[in-house]
1. So for the chain, averaging the separation of alpha carbon pairs under 8 Å that are six or more residues apart and normalising by length, what relative contact order in percent results?
2. Within region 124-142, find all residues whose amide N lies under 14 Å from a label point positioned 7 Å from the Cα of S26 along Cα-to-beta-carbon.
3. Net charge around A214, counting only other residues with Cβ within less than 13 Å of its Cβ (Lys, Arg = +1; Asp, Glu = -1)?
4. Would you mind putting 219-232, 180-193 in packing order, based on average other-beta-carbon counts within 10 Å, highest first?
5. Mind checking which of L224, L67, P24 is farthest towards the positive end of the chain's charge dipole, using Cβ charges of +1 (Lys, Arg) and -1 (Asp, Glu) about the Cα centre?
6. Charges at C-beta only: +1 for Lys and Arg, -1 for Asp and Glu. How large is the resulting dipole of region 2-286 about its Cα centre, in Debye rounded to 20?
7. Sequence gap at least 6, Cα distance under 8 Å: using those rules, report the relative contact order of region 100-163 to the nearest whole percent.
8. Given a Förster distance of 45 angstrom, what is the FRET efficiency for T186 paired with R122, based on the Cβ-Cβ distance and rounded to 0.05?
Amino acid sequence: MASAALASRAGAADAAGPILRRIPSSGEELPVIGLGTSQTFEVGAGSAARAPLGQVLEAFFAGGGRLIDTSPMYSTAEAVLGDLLTPEMHAHAFLATKVWTRGTRAGIEQMRHSAELLKTPRLDLIQVHNLLDLDTQLATLREWKAAGRVRYLGVTHYTVSAQADLERVVRRERLDFVQLNYSPVTRAAERTLLPLAAERGVAVLVNRPFEDGALFARVRGKPLPAFAADVDAASWGQLILKFIAAHPAVTCIIPATASVAHLEDNLQGGIGRLPDARLREQIAAALG
């Protein structure tokens with residue numbers, strides 16, 4: 001039943017045409033809207049907590065989604081995700097996780113454990129989480145990539161204060177991905193980091209697109225601007241995601257949610273027209 005629903009809804013999503021972005025190092029395409037798992041997938045084994053997440057995953061793949069980002073830092077998220085992914089979902093998924101520890105042996109053990117939890121022999125992307133023990137973990141990741149144990153490697157952080165460190169790493173290392181925080185009200189990455197990623201051929205994952213929900217608090221009770229219709233946005237969430245997706249260096253945005261309704265709204269943010277430079281400034285101004 002789930003497979004039939006997945007196939008049926010996936011066909012509808014294909015017709016709608018999700019926006020795709022290329023990974024510069026390979027040319028592989030990804031839908032511009034992905035899925036994060038921080039907090040939302042950090043649940044226990046009970047069916048009451050897990051059932052809504054299974055529905056979110058079904059809706060995500062039915063809507064044409066592919067990239068799911070997780071981490072061993074997110075308590076149970078890897079295990080929950082691995083348990084909920086069906087074989088059919090695995091066939092479409094682009095699984096991104098992280099290494100978050102010190103030392104070569106500990107890093108290898110953690111990455112092996114992540115693959116076991118996610119139930120896959122080869123991960124699509126492993127990122128050095130928050131740049132922890134960067135040189136050690138990158139050395140292992142390069143060996144794993146050469147051996148075919150991981151397809152892509154990258155680095156992450158989630159604060160503006162760390163973006164200068166990310167810039168230095170992007171300049172120095174040959175990376176496939178960099179993950180950073182970016183939103184209509186947190187635009188520091190526009191100054192150097194996003195242009196640098198484009199110049200260096202590094203794909204960009206965007207975390208914290210809604211500022212951990214703070215942007216929705218800003219617009220609560222506020223009508224959607226009329227100009228939202230010019231970019232096919234039917235909600236504030238879609239407008240925010242379209243602002244981010246309109247930056248040409250952005251490859252995939254990874255909002256986290258445990259709600260099917262929110263997930264489907266997010267996916268719509270990756271369909272249709274995107275704002276030009278003038279409209280992006282209007283969106284930023286509307287969010288204050």
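1. For the chain, the relative contact order is 21 percent.
2. 124-127
3. Here the charged neighbours net out to +1.
4. In descending order of packing, they fall as 180-193, 219-232.
5. P24
6. The dipole magnitude comes to about 460 debye.
7. It rounds to 36 percent for region 100-163.
8. With R0 = 45 Å, the Cβ-Cβ based efficiency is 0.85.
Each value in this text was obtained by applying a stated rule to the coordinates, not by laboratory testing. Just so it is clear, the structure is predicted and the values come from calculations on it, not from any experiment. Neighbour counts run over all protein chains shown; Cβ positions are idealised from the backbone, glycine included.
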